[in-house]
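Just below is one structure, and these are the notes that go with it.
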Amino acid sequence: MRAQLLRQVVSLRDVSTPLELVDIPTPRPTRGEIRIRVAACGVCHTELDEVEGRTAPPILPVVPGHEVVGYVDEVGDDVSHHRIGDRVGVGWIHSSSGGEQENICPQFRATGRDVNGGYAEYMTVPEEYAYPIPKCFTDSEAAPLLCAGAIGYRAMRLTGIEDGQTLGLTGFGGSAHLVLQMVRHQFPRTKVFVFARDGDQQEFSLELGAVWAGHTTDRAPIPLDAIIDTTPAWQPVVEALANLAPGGRLVINAIRKEDDDKEQLLQLSYHEHLWMEREVKTVANITHYDIREFLPLAAEIPLRSTITTYPLEEANRAIVELKQGSVKGAKVLVMDA
C-alpha cells in the first residue's frame, strides 16, 4: 500500500519534505481489530510536533495521521461491533485502558505516533476505538471532527462555562472554528470573542458568529469567564490570562508548546495574570468516550468543517503550509483525489 512515512525528526525550517511516499506491506488485523481502507485523513498541528520532535514517535519510521475516516474492509477474530463496509473514524487515541481517565494513563497509545496512522491507504485499530460516522458528513468533512472537533469538545467542557457566560478563543484554526459552532449551539446566550494574528482568521470568526475579533495582544471589550488557547506559542497564554475575569479559567488545548517565544513567560505578573483565583487547565489527549459523545452532537448541530483538501502525494505541502500558518479551517488528505 502507499503511505507517507516519517523516518526521522527534523526541523521544518530546514526541511520541507519530512515525509517520504513509499510502498509498505498492507497491515492485517489481529484479534479484536479491524482494518480500514482510508478515504480521508485530517492534517493536525500535532503532526508538526511529531515531525519536529516535541512529541516524538517512540519508534521510527512511522506513518502519521490521526483524523481518519474510511471503510472497514477486513475484521479480526472476535470483532462484533463493526462489519465489512461500515464507515468509521479513528482519532488520536488508538488504544488505552478503556477507563474514564484513559487519556492520561500509561496504556495510552496515540494513532500516528505510537502506531501507524492514516497517512496511508490502510490502517488497523482495535474495534472499540473506531466510531460510526454520521451520514450527514462527507469523508473529508468528517475527518477534522475526529481530533480538532472532538478535542475542541473536551476543551469546551473543561472550561466549565454556562449559558450566558463569555468565552474567548485564542488561535482560530481547525479546532477553534468548530468550537465556535458548538458553543453557539449549546450555549446560545454565550458571546464568543476571538483572538488571532491573521486578519483573515479574524474575519472568518466573525462570519461564524463571534461578537468580536482582535489580535492576540488585544484586550477584549470585557473580561472573559473562560478562554481556550489552541496555539503552539506562549504569548497567547500570557495575553489570555490578562483577558480573564476574576475566577476565570484558561484551558490550553495543545499537546506541546514551541520554544521560540518562551521568554514571553517572563512577562507574567502574579497580580495581573494569576491572582483573583484565575485558573489554568490543560487538555491531555482524549478518551473514546469523548469521541462517541461528540459525533452525534456534531451531526445534530450540524457542524460544518471548512476544509482544504490535498492528495496523499502532497502531504508534505499540507504540513509545511500548516507550519507557515496558512490555515482557514482544516486541511485534509484524500486518498482518491
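The values are calculated or read from the model by the stated rules, or taken from the named source; none is laboratory data. Every value quoted in this text rests on a predicted model; they were computed, and no experiment measured them. All Cβ positions, even for glycine, are placed from backbone atoms using ideal geometry, and neighbour counts span all protein chains on display. Surface areas here come from the heavy atoms of the whole protein model, side chains and all, with no ligands, DNA or RNA. Shrake-Rupley method; radii C 1.70, N 1.55, O 1.52, S 1.80 Å.
Which one of these is of a type in the set (Gly, Ala, Ser) and either open to solvent by 70 Å² or more (accessible area, probe 1.4 Å) or touching a strand residue (DSSP E or B) at 6+ places or on another chain (Cβ under 8 Å) (or both): Ala284, Ala196?
On the way: Ala284 fails: either open to solvent by 70 Å² or more (accessible area, probe 1.4 Å) or touching a strand residue (DSSP E or B) at 6+ places or on another chain (Cβ under 8 Å) (or both).
Exactly one residue qualifies, and that residue is Ala196.
If the requirement is being under 22 Å from Ala299 (Cα atoms) and in contact with a Phe, Trp or Tyr (Cβ under 9 Å, 6 or more places away or on another chain), which of these qualifies: His177, His82?
Of His177, His82, the one residue that is under 22 Å from Ala299 (Cα atoms) and in contact with a Phe, Trp or Tyr (Cβ under 9 Å, 6 or more places away or on another chain) is His177.
Please indicate, with yes or no, whether at least one residue in region 34-43 is more than 24 Å from the chain's Cα centre (by Cα) and surrounded by fewer than 23 Cβ atoms within 10 Å (Cβ to Cβ). Break it down stepwise before answering.
Step one: filter region 34-43 for residues more than 24 Å from the chain's Cα centre (by Cα), giving none.
There is no residue in region 34-43 that is more than 24 Å from the chain's Cα centre (by Cα) and surrounded by fewer than 23 Cβ atoms within 10 Å (Cβ to Cβ).
Can you find a residue that is part of a helix (DSSP H, G or I) and either more than 27 Å from Thr309 (Cβ to Cβ) or open to solvent by less than 30 Å² (accessible area, probe 1.4 Å) (or both) anywhere in region 212-228?
The answer is no; no qualifying residue exists.
Might you let me know whether region 189-198 holds any residue that is modelled with pLDDT of 95 or more, in contact with a Ser or Thr (Cβ under 6 Å, 6 or more places away or on another chain) and of a type outside the set (Lys, Arg)?
Yes.
Just to be sure before I move on: is Val69 among the β-branched types (Val, Ile, Thr), surrounded by 12 or more Cβ atoms within 10 Å (Cβ to Cβ) and under 24 Å from Asp336 (Cα atoms) in the structure I sent? Break it down stepwise before answering.
Details: among the β-branched types (Val, Ile, Thr): yes; surrounded by 12 or more Cβ atoms within 10 Å (Cβ to Cβ): yes; under 24 Å from Asp336 (Cα atoms): yes.
In short, yes.
For Arg113, indicate whether it is basic (Lys, Arg), free of Cβ contacts under 8 Å to residues at least 12 places away in the same chain and part of a loop (DSSP other than H, G, I, E, B).
no
Would you please list the contacts, defined by Cβ atoms under 7 Å and residues six or more apart or on different chains, that run from a residue in region 233-250 that is at negative phi and among the β-branched types (Val, Ile, Thr) to a residue that is surrounded by fewer than 20 Cβ atoms within 10 Å (Cβ to Cβ) and not in a strand (DSSP E or B)?
Val238/Gln264; Val238/Leu265; Val238/Gln267; Val238/Leu268
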